[in-house]
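Trainee: Sending over a structure as structure tokens; questions will come in a sec.
The values are calculated or read from the model by the stated rules, or taken from the named source; none is laboratory data. Nothing here was measured: the structure is a model prediction, and the numbers come from that model. Cβ placement follows ideal geometry from the backbone for every residue including glycine, while neighbour counts extend to all protein chains displayed. These area figures cover heavy atoms from the full protein model, side chains too; ligands, DNA and RNA do not enter into them. Shrake-Rupley method; radii C 1.70, N 1.55, O 1.52, S 1.80 Å.
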Amino acid sequence: MSKKVMFSALSIILLIVLAACGGSEGSGSANAESESSESKGTLVMGTSADFPPFESFNPEGEFEGFDVDLAHKIAEELGYELEIKDMKFDGLIGSLQSDRVDMVMAGMSATEDRQKNVDFSTEYHHSGEMFVTTKDSNIKSLEDLEGKVVGVQLGTIQYEGAEELKKEYNFELKSMDQATTLIQELKTGRIDVGYMDKTVAEGYIEEQGLAGFDDPTTSSPGMAVAFPKDSDLKEDVNAVIEQFLEDGTIDELAKKWELTED
Ligand code: ARG
């Protein structure tokens, strides 16, 4: 290769590298002022990708699920790029409070307790609660839970709910970081029962040949997008969710991910 050819090859590579760097610089957080004609910047969404069909990883290691699709559609409608960050469910509220993410979509129930620390959008899905067991289990009601080990995901409303139920039904509570671990522990017999959102439980029951029964005591609120307190984003996202509820977009996604409404 002549020196001249090599020089121009090197400058082309340099140009490509510079262009690539420049490209990512333009995208700030959704809170940043930066605005271009194509994209308003990047919307950073926190989730806990252990909760199919709402959020999980596909075999290629990409995020997928109802919340993931809905988040992409919301971002697109509002003119943002979307970046998804996976974290422990238990850390999501904290990451909103410290502005590390612009919003959270994680099948999160819009409880009054959480509303002290974060704001919620309009609810987009409602799920009850369910106890999941192995197929051959003889645990079929709350009364059968006595002396058994019940697993719940840390930071969830089910964890709080189980702490209350345990006083009456005398079971042992075991907390786990991830909903997926809960199912593994159930299948390997390290816990007797898993307690979780009914919509998610039903998916696992069908897919993994498990069994379960409804929690008759539950009265949890629906799932919604969470924001840092007083975030400007909330109104914009609400407008889009309301539009999607009306024009059938949410129904379509619910069908795609086989969500059962409770
Ligand atoms: N709906 C329950 C809650 O808000 C559980 C949500 C768990 N979500 C998850 N991505 N693991 O507490």
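Trainee: Just to be sure, is Leu96 in a helix (DSSP H, G or I) and either outside the structural domain of Gly203 (by TED's automatic domain parsing) or more than 10 Å from the ligand (Cβ to nearest atom) (or both)?
Mentor: The answer is yes for Leu96.
Trainee: Would you tally the residues in the range 208-217 being of a type in the set (Asp, Glu) and either modelled with pLDDT under 95 or surrounded by 16 or more Cβ atoms within 10 Å (Cβ to Cβ) (or both)?
Mentor: 1
Trainee: Would it be correct to say that Ile205 is assigned to a helix (DSSP H, G or I) and open to solvent by less than 40 Å² (accessible area, probe 1.4 Å)?
Mentor: Yes.
Trainee: Now, a different point. Limited to the range 164-181, what total is found for residues that are open to solvent by 70 Å² or more (accessible area, probe 1.4 Å), closer than 15 Å to Phe131 by Cβ and in a helix (DSSP H, G or I)?
Mentor: 3
Trainee: Got at least one residue in the range 186-199 being open to solvent by 60 Å² or more (accessible area, probe 1.4 Å), small (Gly, Ala, Ser) and at pLDDT 95 or above?
Mentor: no
Trainee: Suppose we keep only residues that are part of a loop (DSSP other than H, G, I, E, B) and open to solvent by less than 20 Å² (accessible area, probe 1.4 Å) within the range 41-71. Which one would you say is farthest from the ligand (Cβ to nearest atom)?
Mentor: Gly41
Trainee: Can you go through Glu33, Glu38 and tell me which one is modelled with pLDDT of 55 or more, of a type in the set (Asp, Glu), more than 16 Å from the ligand (Cβ to nearest atom) and not in a helix (DSSP H, G or I)?
Mentor: Of the residues listed, the single one that is modelled with pLDDT of 55 or more, of a type in the set (Asp, Glu), more than 16 Å from the ligand (Cβ to nearest atom) and not in a helix (DSSP H, G or I) is Glu38.
Trainee: Any chance you could count how many residues in the range 101-134 are part of a strand (DSSP E or B), within 12 Å of the ligand (Cβ to nearest atom), of a type in the set (A, V, I, L, M) and open to solvent by less than 10 Å² (accessible area, probe 1.4 Å)?
Mentor: Final tally of qualifying residues: 2.
Trainee: Can you tell me which residue in the range 144-163 is most open to solvent (accessible area, probe 1.4 Å), limited to those that are part of a helix (DSSP H, G or I) and near the ligand (Cβ under 10 Å from one of its atoms)?
Mentor: The first filter runs over the range 144-163 and keeps only residues part of a helix (DSSP H, G or I), leaving 144-145, 157-163.
Filter once more, keeping what is near the ligand (Cβ under 10 Å from one of its atoms): 157-161.
On the way: Ile157: 31, Gln158: 9, Tyr159: 58, Glu160: 101, Gly161: 24 Å².
That would be Glu160.
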